[in-house]
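No value in this document is a laboratory result; all are computed from the given coordinates. Given the structure is predicted, the values throughout are model-derived calculations rather than measurements. Here Cβ is always computed from backbone atoms with ideal geometry, including for glycine, and neighbour counts include all displayed protein chains.
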Amino acid sequence: MAKISVFGIGYVGVVSAACLARDGHDVIAVDVDPGKIKAINSGQSPIVEEGIDELVAEVVKAGKLTATDDFRAAVLATDASFICVGTPSAPDGSVGLSYVTSVCDSIGAALRDKPTHHSVVVRSTIVPGSTVDSCIPALEKASGKVAGKDFGVGYYPEFLRESTAIADYYDPGLIVFGYLDEGTRDILEGLNKDLPCDMHQVDIRTAEMVKYTSNTWRAVKVTFANEIGNIAKASGIDGQSVMEILCSDDKIAMSSYFMRPGFAFGGSCLPKDVRALRYLANSTDTPAHMLNAVLEANEAQIAKAEQMVVDSGSKKVGFVGISFKPGTDDLRESPLIALAARLIGRGIDVNIYDPFVQEAFDTETPGAGRGNEHVPDLEQRLQPDLDALIEGSGTVLVGNLYKDTVERLKAASEHRQIVDLTRLNREQTSGANYQGICW
Ligand SMILES: NC(=O)c1ccc[n+]([C@@H]2O[C@H](COP(=O)([O-])OP(=O)(O)OC[C@H]3O[C@@H](n4cnc5c(N)ncnc54)[C@H](O)[C@@H]3O)[C@@H](O)[C@H]2O)c1
């Protein structure tokens, strides 16, 4: 069992402290608010939350949880400090780090006199880079010690929801943390090893980003559901029923299939149907902020890919894939068609390898080339031999992933510039000859 000090006795701090104490750890809660310290020490919760009154009373009575305003004593008496103070928005929208760095100053000052290992784990929500750029320098300055060597550091975000916080603590959707040192990893692994969910151990910046992505995703879902509800109501339909039915489909609608960063959506359905729903909204005077943003952002992703190719400086570009996704020759509203047309318009020579579109032309399929409204001389631009396409191109643009092309394209990145919109290699990120659109 560990000895843990929890800094900040707010919603996150109280729930963490009480649950850690119930799990058998010795917990000291630390705050600047004397009222909260007094409440805890008399066995009362300073927040309203299902089950927290009973839990705080139980663990305080058992001597597993105490509270203090003595930062130094709390650090010296524990193996790890969890920082759970608030990070309110600054007026410009940036994250407010002053409480977090102030706690780091105090913990660092105490670490100066602590001979044994101590881990400092940030649980507050802070934007990627904050732990490394703000917390660690504050801790090192105040302690005169080196992070990752003389003391441990981790970032371990909390995902609980107020009103179901204790239940969420024991049954979270996921656990993610980053760390500088093995000692901190061992503590966090030990605390979470029995939880019924995946435990992701990543670098600190990724853990920070996961927290923001999770909260933003929740916000996006609420806004999306509201927009659908508004449009549905204006058409005399019950939007809640619509969303309930949609959410019953965890095979496609709620799956992770469409949640992979990469290139723009396209094809014969998605762009047309988003436009049509927006038109319906407009025709009933219903604002469609999100649908507008979806179409705008999709356009911007095509423009981003265009700029990546332009930045490669090449005048000859080989596309691997031109249909809207692999496995089909369908070119209708393919974002790769839009991208190729823009590049051709800039005077760039575009040639294309696409086994499915090629087959349609080779077999004289009646619909061959159907849906292409923008790329001139499409058939003449097709190159059936991938190696010849690579050799004849200054930049190879990977638009669709075909299994048998992967190894040859990976090898090509040794001597050709690659712009990758799909991700050839999970391990590779942008650098030298290789540029990935979102990695
Ligand atoms: N509330 C949630 O549901 C929730 C869920 C997950 C993550 N978070 C994140 O966790 C963090 C804390 O949120 P919260 O809702 O618990 O905040 P809160 O405002 O309820 O509590 C923060 C506590 O920190 C204390 N504090 C401030 N400065 C201090 C200092 N220098 N030393 C010691 N204590 C200090 C305050 O007195 C207060 O008790 C935020 O970054 C928040 O974004 C919140």
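Being of a type outside the set (G, A, S), in contact with a helix residue (DSSP H, G or I) (Cβ under 9 Å, 6 or more places away or on another chain) and closer than 23 Å to E333 by Cβ: is that true of F224 here?
yes
Limited to the range 192-221, what total is found for residues that are assigned to a helix (DSSP H, G or I) and over 18 Å from T131 (Cβ atoms)?
Of the residues in the range 192-221, 7 are assigned to a helix (DSSP H, G or I) and over 18 Å from T131 (Cβ atoms).
Take the range 60-69 and flag every residue that is more than 13 Å from the ligand (Cβ to nearest atom) and surrounded by fewer than 17 Cβ atoms within 10 Å (Cβ to Cβ).
K61, A62, G63
Consider E140 against the criteria (1) of a type in the set (D, E); (2) out of contact with any strand residue (DSSP E or B) (no Cβ under 7 Å at 6 or more places or on another chain); (3) more than 16 Å from the ligand (Cβ to nearest atom): it satisfies all of them except one. Which criterion is unmet?
(2)
Of the conditions (1) near the ligand (Cβ under 9 Å from one of its atoms); (2) in contact with a Gly (Cβ under 6 Å, 6 or more places away or on another chain), S119 clears all except one; give me its number.
Evaluating S119 over (1) near the ligand (Cβ under 9 Å from one of its atoms); (2) in contact with a Gly (Cβ under 6 Å, 6 or more places away or on another chain) leaves (1) as the failure.
Can you pull out the residues in the range 21-54 that are surrounded by 21 or more Cβ atoms within 10 Å (Cβ to Cβ) and more than 15 Å from the ligand (Cβ to nearest atom)?
A21, H25
Six or more apart or on different chains, Cβ atoms under 7 Å: show the pairs whose first residue is in the range 142-161 and within 15 Å of D186 (Cα to Cα) and β-branched (V, I, T) and whose second is away from the ligand (no atom under 16 Å from the Cβ) and assigned to a loop (DSSP other than H, G, I, E, B).
So the pair list comes out as V153/L180.
Taking only the range 267-302 into account, find how many residues are in contact with a helix residue (DSSP H, G or I) (Cβ under 8 Å, 6 or more places away or on another chain), in a helix (DSSP H, G or I) and small (G, A, S).
1
What pairs come up if the first residue lies in the range 25-39 and is in contact (Cβ under 8 Å) with a residue 40 or more places away in the chain and under 17 Å from C104 (Cα atoms), the second is of a type in the set (S, T, Y) and more than 6 Å from the ligand (Cβ to nearest atom), and their beta carbons are under 9 Å apart, counting only those six or more places apart or on different chains?
I28/S5; I28/T66; I28/T68; I28/T78; V30/S5; V30/T68; V30/S81; V30/S106
A57 - would you say it is under 23 Å from S130 (Cβ atoms), surrounded by 15 or more Cβ atoms within 10 Å (Cβ to Cβ) and more than 14 Å from the ligand (Cβ to nearest atom)? Don't jump to the end; show me each part of the working.
On the way: under 23 Å from S130 (Cβ atoms): no; surrounded by 15 or more Cβ atoms within 10 Å (Cβ to Cβ): yes; more than 14 Å from the ligand (Cβ to nearest atom): yes.
Judged against the criteria, A57 is not a match.
Answer yes or no: is there a residue in the range 167-187 that is surrounded by 17 or more Cβ atoms within 10 Å (Cβ to Cβ), under 15 Å from V15 (Cβ atoms) and aromatic (F, W, Y).
yes
Among what's in the range 107-149 and is among the hydrophobic types (A, V, I, L, M, F, W, C) and farther than 22 Å from V176 by Cβ, pick the residue that is surrounded by the most Cβ atoms within 10 Å (Cβ to Cβ). It would help to see each step written out before you state the result.
Filtering the range 107-149 for residues among the hydrophobic types (A, V, I, L, M, F, W, C) gives 107, 109-111, 120-122, 126-127, 132, 135-136, 138-139, 142, 146-147.
Applying the additional criterion that residues be farther than 22 Å from V176 by Cβ yields 107, 109-111, 138, 142, 146.
Numbers: I107: 27, A109: 17, A110: 20, L111: 23, A138: 20, A142: 18, V146: 11.
Within the range 107-149, the match that is surrounded by the most Cβ atoms within 10 Å (Cβ to Cβ) is I107.
If you scan the range 387-439, which residues turn out to be of a type in the set (A, V, I, L, M, F, W, C) and farther than 19 Å from V309 by Cα?
A388, V406, A411
Name the single residue, out of those in the range 72-101 being surrounded by 15 or more Cβ atoms within 10 Å (Cβ to Cβ) and polar (S, T, N, Q), that is farthest from the ligand (Cβ to nearest atom).
In this case the residue turns out to be T78.
Quick check on the range 403-410. Is at least one of its residues farther than 16 Å from K316 by Cα, free of Cβ contacts under 8 Å to residues at least 12 places away in the same chain and assigned to a loop (DSSP other than H, G, I, E, B)?
No, the conditions are met nowhere in the range 403-410.
Among the residues of the range 103-119, is there at least one that is closer than 19 Å to E158 by Cβ and either in contact with a Pro (Cβ under 9 Å, 6 or more places away or on another chain) or basic (K, R) (or both)?
Yes - at least one qualifying residue is present in the range 103-119.
Which condition from (1) in contact with an Asp or Glu (Cβ under 9 Å, 6 or more places away or on another chain); (2) within 24 Å of D133 (Cβ to Cβ); (3) within 10 Å of the ligand (Cβ to nearest atom) is the one that G108 breaks?
The number of the failed condition is (3).
Would you mind stating whether K251 is in a helix (DSSP H, G or I) and among the basic types (K, R)?
No.
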